[in-house]
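Just below is one structure, and these are the notes that go with it.
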């Protein structure tokens, strides 16, 4: 069973890798932030920007131009980068009101290919649904905001206890 799950996860990773660039080229028209991980790490220690830089540093990533907000969602919510976490994050964003072709595709295919995590996906959806809206923010403008204050404004105390960052 674990070997089959591993192969299904690899399939989803392959789909993510090969669809991401196409999606960015066809659908993402906004301007890239133009901020590096190194620059983010110079932000004040309790700032959202610093935490975003630390997230990127921990995983050896740089921001991907035009889809920077995806890593901002990871930082805000505490979701990891494993395949099941990526799908759960999409479910949380869907519950919060975010709508995009890429979100639909990754969420639907992820649930179909990896149904083992259905409870996690469902819980994530409900957290997003019950949270204050966050999917529409201009995250570049929020890099100096205190991350704890930001999370407090979005999530209830009970939700924060459920999310991974606590």
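The values are calculated or read from the model by the stated rules, or taken from the named source; none is laboratory data. What you see is a predicted model, and the numbers here were worked out from it, not measured in a lab. Please note: Cβ atoms are built from the backbone with ideal geometry, for glycine as well, and neighbour counts cover all protein chains shown.
Restricting to the range 109-139, what's the tally of residues that are part of a helix (DSSP H, G or I) and in contact (Cβ under 8 Å) with a residue 60 or more places away in the chain?
Residues in the range 109-139 being part of a helix (DSSP H, G or I) and in contact (Cβ under 8 Å) with a residue 60 or more places away in the chain: 5 in total.
Please specify each residue of the range 32-70 satisfying the condition of being surrounded by 14 or more Cβ atoms within 10 Å (Cβ to Cβ), more than 14 Å from residue 147 (Cα to Cα) and either under 11 Å from the mean Cα position of the chain (by Cα) or touching a residue at least 40 places away in the same chain (Cβ under 8 Å) (or both).
33, 35, 64, 66, 67, 68, 69, 70
When residue 29 is evaluated against the numbered criteria (1) in a helix (DSSP H, G or I); (2) modelled with pLDDT under 95; (3) loosely packed, with under 15 Cβ neighbours inside 10 Å, which criterion, by number, is the only one it fails?
Unmet for residue 29, out of (1) in a helix (DSSP H, G or I); (2) modelled with pLDDT under 95; (3) loosely packed, with under 15 Cβ neighbours inside 10 Å: (1).
Checking the structure you have, find out if any residue of the range 42-64 is under 30 Å from residue 159 (Cα atoms), in a helix (DSSP H, G or I) and touching a strand residue (DSSP E or B) at 6+ places or on another chain (Cβ under 8 Å).
Checking the range 42-64: at least one residue is under 30 Å from residue 159 (Cα atoms), in a helix (DSSP H, G or I) and touching a strand residue (DSSP E or B) at 6+ places or on another chain (Cβ under 8 Å).
Scanning for something farther than 16 Å from residue 160 by Cα and touching a helix residue (DSSP H, G or I) at 6+ places or on another chain (Cβ under 9 Å), does the range 124-131 turn up at least one residue?
no
Yes or no: the range 80-95 includes at least one residue that is touching a helix residue (DSSP H, G or I) at 6+ places or on another chain (Cβ under 7 Å), surrounded by 14 or more Cβ atoms within 10 Å (Cβ to Cβ), modelled with pLDDT of 95 or more and assigned to a loop (DSSP other than H, G, I, E, B).
no
Restricting to the range 106-139, count the residues that are over 20 Å from residue 158 (Cβ atoms) and within 15 Å of the chain's Cα centre (by Cα).
So the count comes out to 8.
Residue-wise test of (1) surrounded by fewer than 19 Cβ atoms within 10 Å (Cβ to Cβ); (2) closer than 17 Å to residue 9 by Cα.
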residue: 74; (1), (2): no, no
residue: 97; (1), (2): yes, no
residue: 116; (1), (2): yes, yes
residue: 121; (1), (2): no, yes
residue: 125; (1), (2): no, no
residue: 139; (1), (2): no, no
residue: 153; (1), (2): yes, no
